[in-house]
Structures are given as C-alpha cells and as structure tokens.
Amino acid sequence: MNFRYPNGSRYVDHGLSKNLKVNAAQNNSTIFSDRGMSLEDEINKSNQYYLQNDIAVIHKKPTPISIVSVDYPKRSAARIKEAYFSKASTTDYNGVYRGKYIDFDAKETKSKISIPLKNFHEHQVIHLHKCLMQGGICFVMIKFDFDQSIYLLKASDLIVFWDNQKNGGRKSIPKKDIENLGYKVNYGFNPLISYLHAVDLIIDSQ
C-alpha cells in the first residue's frame, strides 16, 4: 500500500516501521520471558527498578539464622554445614513509599480457586495487624501459578478471613473474593510488575 503526505509527496518507509515492529516484538518477548518467574523474583526485580529510579525504597527482609557449624576447607571457601532459624520471620518485604511505611508478604498457590490460609502464619498476621495500628500500608501479594495472575490484598481483609477461620469459617480465601476485594497487579516492562499502582489506590483512599 502506498502512503502520501498531505502535500502529495510519497511516503518512503526506509525500514522504520519494520524496526518498530522488531523492537516491539523484542520488548514483548522480554516481558513474556519473565512470566513464570517466582513471585519473589518478580518483586525483587520490580523493587530494583523502583530503587534505581528513586520511586521507592523497598527491600526483602533477611531471614534471621544462627550458624551452628562451619567447614573451613580453606580460608577463601568457608561452607556452612548446619544452621537454624533463630526466630520466626515476620513478613517478606518492607520499606518506604510516598512517605509511608510499607510492609507486605508474598504468597503463591497452585490452586485455581483459592489460597489456603495455612499459607500464612499467625505471627505474620499479628505483625501486619500491629503495623496497621501504627499507620503502615500493609498487604499481601498473591500469585495464582496456573494463570500467572497476581493480586494485592489489603492486610485488613486478610485479617477478616483469618479471624473467620479461627471462629469455624472456611480455611481458604476464594479467588473470586480476592478478585473482588483486591487489586489486580499487571505485568509490564519496567517495572516487571507495577504493584505500586495498587498501593497508590490504597494510600489515596485513606
């Protein structure tokens, strides 16, 4: 098909549109090649982008361990032989965004219809509740592996399901409830998962 400018001169492509298509395809292949990563890897990659671009400072919390035995075959190659968790960890991530303290946990499930509440631990729920009482922005990020969908669910909603379970209610959170109550987190290029858009909605609703 021939294209002409308004003055009647003929448009010459010079391969530009082809290059744009190639670049777009490469970008899309990069995005979809990242799909299938663990949720933790996806969050870490996104947090790196947020940090490098001065958007937020959010890091994965180190897991506290106590080392019992170390093998020193040579000075430059020490190897931990035995260690144990020194105390129960709280949540996976915390940091600062828009002047707000951010605290959240990340969970994945292979179920197509729900996430079991046993995936969460009581000390984590208590920790989120205490952070909420101090004005923190707290939530859980949930990934359904079967369709690679990710949702952000506010800690206050998680606590309701948790308390209902303790009072004899269901022992899982249905995916349909997560879809209704939570925020869908979309995949992108930079960041890989733009979960701070959902955090913006939580902050702005307060």
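The values are calculated or read from the model by the stated rules, or taken from the named source; none is laboratory data. This structure is a prediction, so every number in the text was calculated from the model and none was measured. A quick note on method: Cβ atoms are made from the backbone with ideal geometry, for glycine too, and the neighbour counts reach across all protein chains shown.
Residues of the range 134-148 being over 16 Å from Val185 (Cα atoms) and either in a loop (DSSP other than H, G, I, E, B) or aromatic (Phe, Trp, Tyr) (or both), which ones?
Correct list: Gln134, Gly135, Gly136.
From Asn53, Asn47, grab the single residue that is within 28 Å of Phe146 (Cβ to Cβ), modelled with pLDDT of 65 or more and not aliphatic (A, V, I, L, M).
Asn47
So, in the range 116-125, exactly how many residues are farther than 15 Å from Asn164 by Cα and of a type in the set (A, V, I, L, M, F, W, C)?
So the count comes out to 0.
Search the range 38-51 for residues that are on the phi < 0 side of the Ramachandran plot and among the hydroxyl-bearing types (Ser, Thr, Tyr) and pair each with any residue that is at pLDDT 95 or above and assigned to a helix (DSSP H, G or I) when their beta-carbon atoms are under 8 Å apart and the residues are at least 6 apart or on different chains.
Sorted first by the residue in the range 38-51, then by its partner, the pairs are Tyr50/Leu196.
Conditions first: (1) more than 23 Å from Ser38 (Cα to Cα); (2) assigned to a helix (DSSP H, G or I). Gly168 passes all but one, so which condition is the exception?
(2)
Go over the candidates Met141, Met133 one by one and state the one that is over 19 Å from Asn44 (Cα atoms) and either modelled with pLDDT of 95 or more or polar (S, T, N, Q) (or both).
Among Met141, Met133, only Met133 is over 19 Å from Asn44 (Cα atoms) and either modelled with pLDDT of 95 or more or polar (S, T, N, Q) (or both).
Of everything in the range 157-205 that's more than 15 Å from Ile115 (Cβ to Cβ) and acidic (Asp, Glu), which residue is surrounded by the most Cβ atoms within 10 Å (Cβ to Cβ)?
Here the residue is Asp200.
Given the condition among the basic types (Lys, Arg), surrounded by 14 or more Cβ atoms within 10 Å (Cβ to Cβ) and assigned to a strand (DSSP E or B), answer yes or no: does some residue in the range 149-156 qualify?
Yes.
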